[in-house]
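In what follows, a structure is listed as structure tokens, so that the remarks can point back to it.
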Amino acid sequence: MSAQAPHNTLLIPGPIEFDDAVLQSMAHYAESHVAPGFVKVFGETLTLTRKLFQSTDPSAQPFIISGSGTLGWDLVASNLIERGENALVLNTGYFGDSFEQCLSTYGAQVTQLRAPIGERPSLEQIEQALKEKTYKLITLTHVDTSTGVLNDVKGVAQLVRRVSPETLVIVDGVCSVGSEEIAFDEWDLDAVVTASQKAIGCPPGLSIVMTSGRAIQRATTRQTPPGSYYASIANWLPIMRNYENNKPSYFATPPTQLIHALHTTLSQITARPMAERFAIHTQVSDSVKAAVAQLGLKQLAPNPDAQAHGMTAMYLPEGLTPPDVLPGLLKRGVIFAAGLHKEIATRYIRFGHMGVSVTDANRGDIDKALSALKEALAEAKQAKGL
Ligand SMILES: Cc1ncc(COP(=O)(O)O)c(C=O)c1O
């Protein structure tokens, strides 16, 4: 029985439902951000973040900074590339365009490799692009939340190391970390940018960025100063290192209560093997996708290899738009998200299935959502005479 006030079940692709213990840990009494108790909790949270990324390489460095996922893009764009240098963005939806805008804001010369909606650029196309120009970094959205397209991060990273070994591999993992497999060291990634509020299961407000030793080297040996003060790796690096070494340190005040919440959720997540967590997300995703297909709905991503495991983006039947269906879901206590990709936003809806809604079957969130979807669709079709 949840200690939370009764509420509709939030099944959008983030923020997601919370475990009671995570929420309760935010009710921590006031404490100084440099007091021993908090320093220990922050330090442990950084160490748990390494486990989340399955990283044991001491040269890799996690950053946990007050801000949302977007701040991670600024961290990348203002530290890992300099004005006039080339960046390659693999675009699988809305968030590729936004990352491109962020990189351009700091003066990078960005080339986008765009896939048709629901698809991802092929390894052959990426190889060709990498051979045409020298890129300082390549970015890919692990799961684009606007389309539900899953990128082959491991395959792309392998390709980059073979074809253009100096190019940094940057992953937008805002909608994937905690629900999709990521092996930071083994896949030889340079940065994974994420946020607290999706599959990690913490309230919004934390930007979490894992960086490689190579990325730190790039940031600290720039020709020009970083383009940002708050997002400067050089400013945050000693702070993160100190906290993890149990030493108080200050550059800008950390959100103490949120760090407690992150500590709680990461302790829960890493108490079990990460492979188990990924397998549960895959299993639930497979059953959601099968149920959606049974309802006659097509996904934006037709190829199963390119379908995310923490969300499903599905086209509505011809003649229906999100406002025809979402209120019917809400009436049944379930919240889904409308479409986000601007070219087709009125034609589809998104179901987020990550975190406790997936790992805690006793909640019944997924079954409730699927039956609500079936009923809301039937009702909407009837109302439209379809
Ligand atoms: C894939 C992806 N990248 C980046 C972001 C930006 O994160 P935030 O909204 O926390 O700033 C989002 C947000 O949903 C996202 O889904």
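Numerical summary
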read-out	value
Beta bridges by DSSP in segment 20-270, antiparallel share as percent, to the nearest 5	40 percent
Average accessible surface area per residue within segment 20-270, 1.4 Å rolling probe, Å²	37 Å²
Amide hydrogen neighbours beyond the local backbone of residue 334, cut-off 5 Å, H modeled	9
Entries of 154/374; 289/331; 131/342 with Cα pairs more than 28 Å apart	154/374; 131/342
Interchain or long-range residues, amide H under 5 Å from residue 89's placed H	111, 112, 113, 139
Whole-Hz couplings from phi, Karplus 6.51/-1.76/1.60, listed for segment 283-289; x for Gly and Pro	4, 5, 4, 4, 6, 4, 5
Residue-averaged [θ]222 nm for the chain, counting only DSSP H segments that reach four residues, each worth -39500 (n - 2.57)	-12500 deg cm²/dmol
Backbone HN-Hα couplings from phi across segment 331-348 [Karplus 6.51/-1.76/1.60, Hz, Gly and Pro as x]	4, 9, x, 10, 10, 10, 9, 6, x, 10, 5, 5, 6, 9, 3, 7, 9, 8
Cα gyration tensor shape of segment 20-270, rounded if a/c is under 1.5, else prolate or oblate by comparing a/b with b/c	prolate
Qualifying GluC sites (Glu not before Pro) for segment 308-386 [loop in DSSP, other Cβ within 10 Å: at most 12]	318, 343
Relative contact order for the chain, counting Cα pairs under 8 Å that sit 6 or more residues apart, in percent	24 percent
Packing-based order for 91-99, 215-223, using average beta carbon neighbours within 10 Å, highest first	91-99, 215-223
Local electrostatic count at residue 189 - Lys and Arg +1, Asp and Glu -1, tallied over other residues with Cβ under 11 Å	-2
FRET efficiency for residue 342 and residue 250, using Cβ-Cβ distance with R0 set to 35 Å, rounded to 0.05	0.25
Segment 81-162: trypsin sites (Lys or Arg not before Pro) falling in loop per DSSP and having at most 16 other Cβ within 10 Å	83, 133
In segment 112-218, the GluC sites (Glu not before Pro) that fall in loop regions by DSSP, at most 15 other Cβ within 10 Å	166, 186
Euclidean distance of C-alpha centroids, segment 1-69 and segment 301-361, integer Å	26 Å
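The values are calculated or read from the model by the stated rules, or taken from the named source; none is laboratory data. Model, not experiment: these values are computed from the prediction. FYI the Cβ positions are ideal-geometry reconstructions off the backbone, even for glycines, and counts take in every protein chain you see. Quick note on the areas: whole protein, heavy atoms, side chains included, nothing else; ligands and nucleic acids left out. Shrake-Rupley method; radii C 1.70, N 1.55, O 1.52, S 1.80 Å.
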